[in-house]
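The structure appears right after this line, and notes come after that.
The values are calculated or read from the model by the stated rules, or taken from the named source; none is laboratory data. On a predicted model such as this, the values are computed, not experimentally measured, just so you know. Using ideal geometry, Cβ is built from the backbone for each residue, glycine included, and neighbour counts are taken over all protein chains shown. Side chains are part of the model used for accessible areas, which takes the heavy atoms of the whole protein and leaves out ligands, DNA and RNA. Shrake-Rupley method; radii C 1.70, N 1.55, O 1.52, S 1.80 Å.
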Amino acid sequence: MVNVRPETKLEPWKDPAAEPYIRIERVTKKFGDFVAVDEVSLNIYRGEIFCLLGASGCGKTTLLRMLAGFEEPTAGRISIDGADMAGIPPYQRPVNMMFQSYALFPHMSVEQNVAFGLKQDRLPKAEIRERVAAILELVRMTGFSGRKPHQLSGGQRQRVALARSLVKQPKLLLLDEPLGALDKKLREHTQFELVNIQEKLGVTFVVVTHDQEEAMTLASRIGVMDHGKIVQVGTPSDIYEYPTSRFVADFVGSVNLFQGALVEDEPDYVRVASAELERPVYVNHGVSSPPDATVWVALRPEKIVIAREPPASLEDNCAEGVVQEIAYLGDVSVYLVKLKSGRTVRVTRPNMRRQSAAFDRITWDEQVWLSWDPSSPVVVTQ
Amino acid sequence: MSTVPRSQARRQPPVFLAELMAWIRAFGPYRWASGRLKDWGVTGRTLVIGTPYLWLVLFFLVPFIIVLKISVSDIRLGMPPYEPLLHWVEHQVVTLKINLGNYAFLFEDPLYRNAYLNSIWMAATSTFFCLLIGYPMAYGIARTSPSWRNLLLMMVMLPFWTSFLLRVYAWIGILKNNGLINNTLMALGVIDDPIVMLQTDFAVYMGIVYSYLPFMVLPLYANLEKMDLTLLEAAADLGCRPMKAFVTITLPLSIPGIVAGSMLVFIPAVGEFVIPALLGGPDSLMIGRVLWEEFFHNRDWPVASAVAIAMLVLLVGPIMILQYNQGRQAGAHR
Amino acid sequence: MIGRRSFLITTLMAFGFAFLYIPILSMIVYSFNESRLVTVWAGFSTKWYVELVQNEQILNAAKLSLQIAAINATGAVILGTLAGLALSRFRRFKGRTLMTGMTTAPLVMPEVITGLSLLLLFVAMEQVFGWPAGRGMTTITIAHMTFSMAYVTVVIQSRLSSLDESLEEAAMDLGAKPAKVFLLITLPIIFPAILAGWLLAFTLSWDDLVITSFVSGPGSSTLPLVIFSKVRLGVSPDINALATIMVTIVAIGIVSAGLYMQRQERRRERDIQAALAANQ
């Protein structure tokens, strides 16, 4: 993942004395009988880029709209910078939002769009002009101030929308799928730009997205949402390497899940037996789980080694199978290997050498061995 | 607002507009009025909802209650020509006198039943002919090149914006005994004596079809223009001939447009007064005309009111329920 | 195959347009006819136009109709915009269903019923409050506003429902209060719809005969009332002249509006192309 942040990492969530900038306490939002957000509690700290990640309809946008003031919580409390936000209309909140559709006013030029928020505060004209020019320079749109939104490309519109929401120097910026409408190349480029701007201005970002790559690139922390609930909060690497549930493991990246039971449960290691694997899985860290509970072993495809020869030890953490499918993706190849139990396992392998006839690579219907390091599997209990 | 406290400190002196606003705000009566409004809990929201609401209740809902009331009153000579419902007897006792005779009269006299059925029949027939003429037009416009399309659409719109009354009037000159059609046919030697067309049901049909044709073409066009033409390519690719593709693909997909257009023609045609009055004969009975004559010629307000209520219950009610259900279905599909 | 079918369609289309335009053209042609016998051609003349502009009754009626139509259109646009706003922006309020019903009912209500009910209301009001004293311009305008606001409401409501609500939210988010959001954002964007609504309401009022017949009084004859009483007696050539003038005005209006819209559309397309090209 990208790391444009300075080395002195800001991790206020690890400091028990740190005061959260946004406190979301047991917030519920119902639309009729439908529960969009279900008793969510969350603390977000100053200077973070916090990503709410989830499939569409999981309640992430509703949560964002409650922060902006477009929806009132049915129950619970939201406070920003120590102030309770109940009953405060959007136009009085110290918050600005960048909309998924950008919501640029079609009848106003770029300059008028950006100046709109400042005019609402009745700032002097000279100051408005100055600040608009400065923010347009920051997003590299200086030459476009006289254009109307329909005269701009998608990427330019996105930058104007960003400028408009930043020009009031909000302490908190809400971004609803900020890169959703851009094509892939532009998106990557803009991701870095967003992070740079965020650092330069020291604004707290709360980003809603359904795109895990976007969340991984931008976020200091990610909150994964499902059916109105926050299922896991953590840094991108926490979420990817230590998912706490099958849902998170499966939703973020791809994963092989094996159902099984703990056969050895020690504080510093566990052993899991699964009907789908002939040999047990040895995990070199402890698991907190009630005895006899069903557990799942989550194994990322890139952490499995595929080879023709059997590994040194056949005692555990390996399996034998036949290659069923190969998908060549350029940078990596995906192998689907069928084990003796009938279970298919997904394995990715970087293509470190150029493919050619001379290169003898593993191919269809070959007998192969899969193996992995004892630190790789993650045991989840739900 | 509170995001920029630094700059709020040196706010610009109020410009002209702000000054004016401040002056208005300081103005005594304004302050008094807005203060009272606030006391009563009147907000911008209540004003936005309340103003049109009040208007509609006063000038749309209340009138129907009055019509209902008069439809059960007795006729009398004088102005207004109906008896009050409530009678004060010996200071205190109020007697309510309801006369359902007007309704009974509607059912007894076949004139009203015939007029009612005839209106529905004529409106339905005219709607059918509108569809017959309008569909090829809408289809043709939707399938021509965009520059022609705008011109043709304008040509459909033009009669739509021109006086309805004058367009009906034009048909008098065409249909009468020495009118355009008869003169042409006699000059060509096709006929020797003029065909009587004016003051017949035929003239009424012509008038309705002609007047409401744009109402049929426009929604049909909107529907056909939206259609995905790759569907027809797919049908052709799968071996379907154009005529069959039209019947099995285009026609079913245009049903919403057909329904919308037919409603727009049928609904106003049923209650039509001008067309039967100008083009129809004395026996071209349509319910709108019957109500008109009951009111203006017989000056029988109670019976006219009863006719109105009967029309409302038997005609407008079903149409509104139909529309409401359609709206709900459309909503459910979304 | 395809060629033959499009020939059929073209023929049917031509028939349809001929059907639409022959009556209008016949009025135009006969308005220049010398003879009083409308359908017998007796040479070119503009005397019916001269007669028309000297006809006090028609001129006065036209003036009254114009006044009523303009006042009605303005009032109907205000009421209709408020109603459209209420229905599309306030999801829940007491009596919403009743309001929806009352704004759509005038669209399906036969004019004779609307006219009758309003007249009975005015008569009852006069009996109880003494206002409106008799019937005339005021009652006609009120009646026209009541039915034409329903059409305006439909136009505004459908425009508002296709308007991206996040535009209004964005303005609010940037610190504008609801009233300001309406004035600065919503109103300018829906202005074309408001203009269309105004023109529609104007035309409905200008054209209305049935409702006006019920609620008008002595001395308040609008143009349709005068035309109706004249044509009931038969064809008269000065009405042809009047029709020609009205058709010409509408045609000029529609053609210029169409050309203007086409130019806007082209300019917009060019801009979008330019923006896309600049992006690459």
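Could you say whether any residue in the range A:72-91 is part of a loop (DSSP other than H, G, I, E, B), small (Gly, Ala, Ser), open to solvent by less than 10 Å² (accessible area, probe 1.4 Å) and within 25 Å of C:GLY175 (Cβ to Cβ)? If you could, list the steps in order and put the result at the bottom.
Filtering the range A:72-91 for residues part of a loop (DSSP other than H, G, I, E, B) gives A:72-74, A:81-82, A:85-89.
If we keep only those that are small (Gly, Ala, Ser) too, we end up with A:82, A:86-87.
After this cut, where a residue has to be open to solvent by less than 10 Å² (accessible area, probe 1.4 Å) as well, the list is none.
Checked against the condition, which is being part of a loop (DSSP other than H, G, I, E, B), small (Gly, Ala, Ser), open to solvent by less than 10 Å² (accessible area, probe 1.4 Å) and within 25 Å of C:GLY175 (Cβ to Cβ), the range A:72-91 yields no hits at all.
For the range C:120-135, name all the residues that are in a helix (DSSP H, G or I), surrounded by fewer than 12 Cβ atoms within 10 Å (Cβ to Cβ) and hydrophobic (A, V, I, L, M, F, W, C). Answer for the range C:120-135, where residues must be in a helix (DSSP H, G or I), surrounded by fewer than 12 Cβ atoms within 10 Å (Cβ to Cβ) and hydrophobic (A, V, I, L, M, F, W, C): C:VAL128, C:PHE129.
Could you please give the count of residues in the range C:22-65 that are outside any helix (DSSP H, G or I) and under 27 Å from C:PRO218 (Cα atoms)?
Here is the first cut: in the range C:22-65, the ones outside any helix (DSSP H, G or I) are C:32-46, C:55.
Next cut, under 27 Å from C:PRO218 (Cα atoms) only: C:55.
The number of residues fulfilling the criteria is 1.
Counting only strands (runs of 3 or more DSSP E) wholly contained in the range A:17-58, the ones carrying 1 or more residues that are open to solvent by 10 Å² or more (accessible area, probe 1.4 Å) occupy A:22-31, A:34-44. Looking at the range B:27-60 only, could you name the residues that are of a type in the set (A, V, I, L, M, F, W, C) and facing chain C (nearest Cβ under 9 Å)? B:LEU47, B:VAL48, B:ILE49, B:TRP55, B:LEU56, B:VAL57, B:LEU58, B:PHE59, B:PHE60 - these are the residues of the range B:27-60 that are of a type in the set (A, V, I, L, M, F, W, C) and facing chain C (nearest Cβ under 9 Å). Candidates C:VAL155, C:VAL210: the one that is more than 14 Å from chain A (Cβ to nearest Cβ), under 23 Å from B:PRO159 (Cβ atoms), open to solvent by 20 Å² or more (accessible area, probe 1.4 Å) and not polar (S, T, N, Q) is C:VAL155. The helices (runs of 4 or more DSSP H) located wholly in the range A:172-275 that include 3 or more residues which are open to solvent by less than 20 Å² (accessible area, probe 1.4 Å), in contact with a Leu (Cβ under 8 Å, 6 or more places away or on another chain) and of a type in the set (A, V, I, L, M) occupy A:184-201. Against the list (1) crowded, with 24+ Cβ neighbours inside 10 Å; (2) within 30 Å of B:GLY261 (Cβ to Cβ); (3) within 12 Å of chain B (Cβ to nearest Cβ), the condition C:ALA201 fails is (3). Do you know which residues across the range C:15-48 are under 31 Å from the mean Cα position of the chain (by Cα), open to solvent by 10 Å² or more (accessible area, probe 1.4 Å), more than 10 Å from chain B (Cβ to nearest Cβ) and closer than 20 Å to C:GLY234 by Cα? Listed by number, the residues that qualify are C:PHE32, C:LYS47. Return yes or no: is C:VAL77 part of a helix (DSSP H, G or I), within 23 Å of C:THR203 (Cα to Cα), touching a Gly at 6+ places or on another chain (Cβ under 6 Å) and away from chain B (no Cβ under 12 Å)? In short, no. Contact annotation: residue pairs with Cβ atoms under 6 Å, 6 or more positions apart or on different chains, pairing a residue in the range C:83-111 that is open to solvent by 40 Å² or more (accessible area, probe 1.4 Å) with a partner that is of a type in the set (A, V, I, L, M, F, W, C), are C:LEU107/C:ALA150; C:GLU111/C:VAL210; C:GLU111/C:ILE211.
With a requirement of 2 or more residues that are at pLDDT below 85, the helices (runs of 4 or more DSSP H) lying completely within the range C:205-280 that satisfy it span C:237-279.
Quick grid of which residues meet (1) more than 17 Å from the chain's Cα centre (by Cα); (2) more than 16 Å from C:ASN33 (Cβ to Cβ); (3) among the polar types (S, T, N, Q):
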position: C:VAL231; (1), (2), (3): yes, yes, no
position: C:SER236; (1), (2), (3): yes, no, yes
position: C:ILE245; (1), (2), (3): yes, no, no
position: C:THR248; (1), (2), (3): no, yes, yes
position: C:MET261; (1), (2), (3): yes, yes, no
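Residues are listed down the side, and each one gets a yes or a no for (1) surrounded by fewer than 16 Cβ atoms within 10 Å (Cβ to Cβ); (2) among the small types (Gly, Ala, Ser):
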residue	(1), (2)
B:ILE174	no, no
B:ALA203	no, yes
B:PRO214	no, no
B:VAL217	no, no
B:GLY239	yes, yes
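With respect to the stated conditions, A:GLN212 fails to be without any contact (Cβ under 8 Å) to a residue 24 or more places away in the chain and either closer than 29 Å to A:PHE34 by Cβ or of a type in the set (Gly, Ala, Ser) (or both).
Residue by residue, here is whether (1) over 20 Å from B:THR250 (Cα atoms); (2) within 11 Å of chain C (Cβ to nearest Cβ); (3) touching a residue at least 24 places away in the same chain (Cβ under 8 Å) holds:
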| position | (1), (2), (3) |
| --- | --- |
| B:GLY134 | no, yes, yes |
| B:ILE141 | no, yes, yes |
| B:LEU152 | yes, yes, no |
| B:LEU158 | yes, yes, no |
| B:SER163 | yes, yes, no |
| B:LYS176 | yes, yes, no |
| B:ILE195 | yes, no, no |
| B:TYR210 | yes, yes, yes |
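Here the range A:153-171 is the region considered, the condition is being of a type outside the set (Val, Ile, Thr) and outside any helix (DSSP H, G or I), and the residue that is nearest to the other protein chains (Cβ to nearest Cβ) is A:SER153. Restricting attention to the range A:96-152, the residues that are charged (D, E, K, R), more than 11 Å from chain C (Cβ to nearest Cβ) and either open to solvent by 50 Å² or more (accessible area, probe 1.4 Å) or not in a helix (DSSP H, G or I) (or both) add up to 6. If you go through the range B:227-248 and pick out every residue that is within 14 Å of another protein chain (Cβ to nearest Cβ) and part of a helix (DSSP H, G or I), you end up with 10. If you go through the range A:314-354 and keep only what is assigned to a loop (DSSP other than H, G, I, E, B) and within 26 Å of the chain's Cα centre (by Cα), you end up with A:LEU329, A:GLY330, A:ASP331. Scan the range A:178-197 and give yes if some residue there is among the charged types (D, E, K, R), under 16 Å from A:LEU218 (Cα atoms) and touching a strand residue (DSSP E or B) at 6+ places or on another chain (Cβ under 8 Å), otherwise no. Checking the range A:178-197: not a single residue is among the charged types (D, E, K, R), under 16 Å from A:LEU218 (Cα atoms) and touching a strand residue (DSSP E or B) at 6+ places or on another chain (Cβ under 8 Å). Hey, any hits in the range C:49-60 for a residue that's more than 11 Å from chain B (Cβ to nearest Cβ), among the hydrophobic types (A, V, I, L, M, F, W, C), within 24 Å of C:HIS144 (Cβ to Cβ) and touching a residue at least 12 places away in the same chain (Cβ under 8 Å)? Yes, the conditions are met somewhere in the range C:49-60.
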